[in-house]
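Let me begin by presenting the structure, written as structure tokens, before commenting on it.
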Amino acid sequence: DVKVTQSSRYLVKRTGEKVFLECVQDMDHENMFWYRQDPGLGLRLIYFSYDVKMKEKGDIPEGYSVSREKKERFSLILESASTNQTSMYLCASSHRLATSKNIQYFGAGTRLSVL
Amino acid sequence: AQTVTQSQPEMSVQEAETVTLSCTYDTSENNYYLFWYKQPPSRQMILVIRQEAYKQQNATENRFSVNFQKAAKSFSLKISDSQLGDTAMYFCAFMKHARRADSWGKFQFGAGTQVVVTP
């Protein structure tokens, strides 16, 4: 089974802190994604990486950055956390092969509270 | 840009009954993929069913089936013989067929429909 692991289920941080959310996948997937999930808004893509050191902005990249130094690991960074970044963050990964059926596999999520 | 609309924020259904969730999308693409994902309370999101736009036959997975109407840009999910374990948030997602690595595999999600199955 594909496993996508997010380092924390719950995090509480203070305004202005630098926050790192880590995601690791064990299936050698090329693509990795960071989403933000808010009630009534569904999942919104923050950033997307299609290879090591490669990244693309999603729909809501402001206030976030990402790092992908190794294929299996994709980090989301909040340079200076703000209260409006309180949310559920989901990591996902997928193969880029046509035979993969384009399925994204998700981690359990990190619920971040910024006080 | 593609948009995905789920017009039902919440639906309630009794055990063993059938419920249908609606999803519409807006795109100018001809080749794309559609998905339904399920997110149970406090649990990971998992794939329920997927459909390729070039296939006219509706996908089915056990008690889950879709009604894909390409011209109407509609992709509804039917859950038959509902079970308590079907209680979850259900998300519809769209992915366009892309050739470049920097655009392959990105999803657009709807806002979700909360399904509550009652005894």
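None of the figures in this text is laboratory data; all of them are computed from the coordinates on show. As the structure is a computational prediction, the values presented were derived from the model and not from experiment. We place every Cβ from the backbone using ideal geometry, glycine too, and count neighbours over all the protein chains shown.
So which of B:D86, B:D26, B:D81 ends up being away from chain A (no Cβ under 14 Å) and under 26 Å from A:Y47 (Cβ atoms)? Of the residues listed, the single one that is away from chain A (no Cβ under 14 Å) and under 26 Å from A:Y47 (Cβ atoms) is B:D26. For region B:1-23, a residue qualifies if it is under 15 Å from B:V116 (Cα atoms) and away from chain A (no Cβ under 14 Å), and the qualifying residues are B:M11, B:S12, B:V13, B:Q14, B:E15, B:A16, B:E17, B:T18, B:V19, B:T20. Scanning region B:6-20 for residues that are over 20 Å from B:A71 (Cβ atoms) and in a strand (DSSP E or B) yields B:E10, B:M11, B:S12, B:V13, B:Q14, B:V19.
Tell me yes or no: at least one residue of region B:85-95 is β-branched (V, I, T), more than 23 Å from A:R36 (Cβ to Cβ) and either surrounded by fewer than 20 Cβ atoms within 10 Å (Cβ to Cβ) or touching a Lys or Arg at 6+ places or on another chain (Cβ under 7 Å) (or both). Within region B:85-95, one or more residues are β-branched (V, I, T), more than 23 Å from A:R36 (Cβ to Cβ) and either surrounded by fewer than 20 Cβ atoms within 10 Å (Cβ to Cβ) or touching a Lys or Arg at 6+ places or on another chain (Cβ under 7 Å) (or both).
Only one entry in B:F64, B:F75, B:F109 is away from chain A (no Cβ under 14 Å), touching a Cys at 6+ places or on another chain (Cβ under 8 Å) and surrounded by 16 or more Cβ atoms within 10 Å (Cβ to Cβ), namely B:F75.
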